[in-house]
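Structure, as structure tokens:
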Amino acid sequence: MSEHQTTRHKSARRGRIAATVSCVAAALVAVGVTVQPATAEGGGAHAGHRAAVSAAPATTPALAAPGLGSQNLIQSGDFFQQGLAPVAARFGLAGRQALSACSGEETMRALTKGRAAGYADVSWTFDTRGSLLNESAAAGSTVASASASEKQLDALLSVCRKEPAGHWHYGAPRTLTVNGGEGHWYPAYNGDGTLSGGAAVIRSGRRFAVLELTGAPGNDPGHLKGLVAAALRRLAG
């Protein structure tokens with residue numbers, strides 16, 4: 001075989017391998033994939049941070065029509081800016097992740113009756129035991145339909161503002177506007193009145209999402225506001 005033929009065969013084989021890898025990656029994104037950061041070498045307070053950062057390239061899978069994908073959801077870097085340390089994330093594009101506890105664990109697909117133009121969701125865990133952040137997003141067919149879904153989600157969260165004394169509950173909603181997007185976030189309180197995460201409903205144009213932070217990975221009430229602002233910027237991107 002000539003040198004030219006050998007080179008051509010090697011190039012074709014590399015092309016077939018690359019195509020196979022691309023198909024496998026797309027299949028993983030379609031069913032939802034868990035991103036587990038690699039263990040950082042050595043110890044110390046920054047080991048978890050390095051591990052989470054090392055997984056960042058894997059948290060940007062292919063887009064879901066019509067352009068709504070994991071890149072429009074909250075990312076690991078958004079947590080680091082709030083002083084929080086995520087350790088793993090699971091992304092999905094089917095809209096089947098359960099929403100907040102106040103929605104009766106309904107899914108975004110059920111909420112929209114499967115009529116949304118696209119779905120994306122993520123579940124983040126932290127180095128604090130029991131701490132979790134879920135975000136579920138969808139793209140409405142029109143701005144009006146997205147606005148209607150936003151109001152429906154707000155109504156569901158508001159139900160948890162009225163709870164018996166000594167029971168966890170949401171506080172009064174706070175309004176936030178960032179880069180053309182809008183949102184309402186609700187701080188959550190334990191029965192003894194201590195802050196414990198919260199939830200938010202956000203919208204940017206035809207896209208809308210609900211977030212729920214449980215287990216309070218940080219005690220600073222500004223954490224939730226900062227994460228909601230970051231989520232709004234991602235959703236609008």
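The values are calculated or read from the model by the stated rules, or taken from the named source; none is laboratory data. Not measured: the values here are computed from a predicted model. Cβ coordinates were reconstructed from backbone atoms using ideal geometry, including for glycine residues, and neighbour counts include every protein chain displayed. The accessibility values were calculated without ligands, DNA or RNA, using every heavy atom of the protein model including side chains. Shrake-Rupley method; radii C 1.70, N 1.55, O 1.52, S 1.80 Å.
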Complete set of residues in segment 86-103 that are open to solvent by 30 Å² or more (accessible area, probe 1.4 Å), assigned to a loop (DSSP other than H, G, I, E, B) and of a type in the set (Gly, Ala, Ser): 94
query: Taking into account only those residues within segment 139-157 that are free of Cβ contacts under 8 Å to residues at least 40 places away in the same chain and of a type in the set (Gly, Ala, Ser), which is surrounded by the most Cβ atoms within 10 Å (Cβ to Cβ)?
result: 148
message: Suppose the filter is modelled with pLDDT of 90 or more and outside any strand (DSSP E or B); does residue 220 pass it?
response: no
- request: State which residue is surrounded by the fewest Cβ atoms within 10 Å (Cβ to Cβ) when the search covers only segment 115-138 and only residues that are on the phi < 0 side of the Ramachandran plot and not in a strand (DSSP E or B).
  value: 129
message: Criterion first (open to solvent by 60 Å² or more (accessible area, probe 1.4 Å) and within 29 Å of residue 206 (Cβ to Cβ)) does residue 178 satisfy it?
response: no
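Here's the yes/no breakdown for (1) touching a Pro at 6+ places or on another chain (Cβ under 7 Å); (2) free of Cβ contacts under 8 Å to residues at least 60 places away in the same chain:
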position	(1), (2)
92	no, no
98	no, yes
102	no, no
113	no, yes
118	yes, yes
123	no, yes
135	no, no
query: Is at least one residue of segment 61-80 over 30 Å from residue 189 (Cβ atoms), at pLDDT 90 or above and assigned to a helix (DSSP H, G or I)?
result: yes
query: List the pairs whose first member sits in segment 159-188 and is modelled with pLDDT under 85, whose second member is in a helix (DSSP H, G or I) and open to solvent by 90 Å² or more (accessible area, probe 1.4 Å), and whose Cβ atoms are under 7 Å apart, counting only residues at least 6 apart or on separate chains?
result: 179/233
